[in-house]
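See below for the structure under consideration.
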Amino acid sequence: MAETRLTPELLITAYRRGIFPMADDDGQIGFYEPTIRAIIPLDNRFHVSRRLARTVRSGYFEVRVDSAFTAVMESCAEITSDRPSTWISDELVHAYSALHRRGVAHSVECWREGRLVGGLYGVAINGLFAGESMFHHERDASKVALVYLVERLRRGGFTLLDTQYIVGDHMRQFGTIEISRAEYHRLLRAALAVNATFHPEMPEV
């Protein structure tokens with residue numbers, strides 16, 4: 001069977017249908033649609049602890065958007081003692097970087113003294129933002145990026161922040177909830193009917 005080329009068009013079609021790609025240990029890419037999905041509500045259920053709010057307000061991190069997209073993906077793919085394998089293959093990095101160049105995939109980054117120390121990336125289609133992965137090299141860096149992302153999505157009119165799965169308690173602290181596949185598709189249909197904008201300017205939080 002001929003190998004399927006992971007093009008920007010294929011990725012966009014997949015997200016519009018509620019599925020997403022992941023690579024296995026040998027680099028083979030499969031598409032997945034879990035029966036239970038995780039989302040972060042963009043209403044007042046999104047929770048930021050007082051300690052994290054102080055970190056955000058302190059300006060300890062310089063937050064940028066879309067200034068180092070591929071570097072964020074590569075950092076998310078790094079093998080660590082806590083993460084002995086990765087689902088982000090070189091093919092995925094190349095495909096999402098092409099999507100980024102089209103203005104569909106975005107990164108939110110935390111910098112400290114000129115170094116990229118944390119961030120996240122995902123895909124924005126109409127009112128859907130599909131969060132893919134995050135990383136941190138300093139405490140709270142990925143969390144600060146998430147707080148800025150949520151504020152940006154709220155201001156841009158997004159209605160659905162998809163996080164695919166809940167992995168550990170670190171996402172539950174923000175109010176992440178699990179929903180059925182059917183409920184996810186209902187929210188996805190509504191989000192795809194929204195004309196949202198991923199604003200270029202950095203919001204105040």
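Readers should treat all values here as calculations from the given coordinates under stated rules, not as data from a laboratory. No experiment lies behind these values; they were computed from the predicted model shown. For neighbour counting, all protein chains shown are included, and Cβ atoms are generated from backbone atoms with ideal geometry for every residue, glycine included.
If the viscosity is 0.692 mPa s and the temperature 37 °C, what Stokes-Einstein diffusion coefficient in µm²/s follows for the stretch 1-160 when Rh is the Kirkwood radius over Cα pairs?
Reported coefficient: 199 µm²/s.
Could you order peptides 101-114, 45-58, 138-151 by the average number of other Cβ atoms within 10 Å of their residues, highest first? Intermediate results must be reported in sequence, preceding the final value.
Details: 101-114: 17.7, 45-58: 13.2, 138-151: 21.4.
Highest-to-lowest ranking by the protection proxy: 138-151, 101-114, 45-58.
GluC sites (Glu not before Pro) within the stretch 1-71: which are DSSP loop residues with at most 10 other Cβ atoms inside 10 Å? Walk me through the numbers before you get to the answer.
Numbers: sites: Glu3, Glu9, Glu62; in loops: Glu3.
Hits after loop and neighbour filter: Glu3.
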Express the relative contact order of the stretch 8-192 as a whole percentage, based on alpha carbon pairs under 8 Å and six or more residues apart in sequence.
-> 29 percent
Size of charge dipole - the stretch 1-139 - debye, nearest 20, with Cβ of Lys, Arg +1 and Asp, Glu -1, no other charges | 880 debye
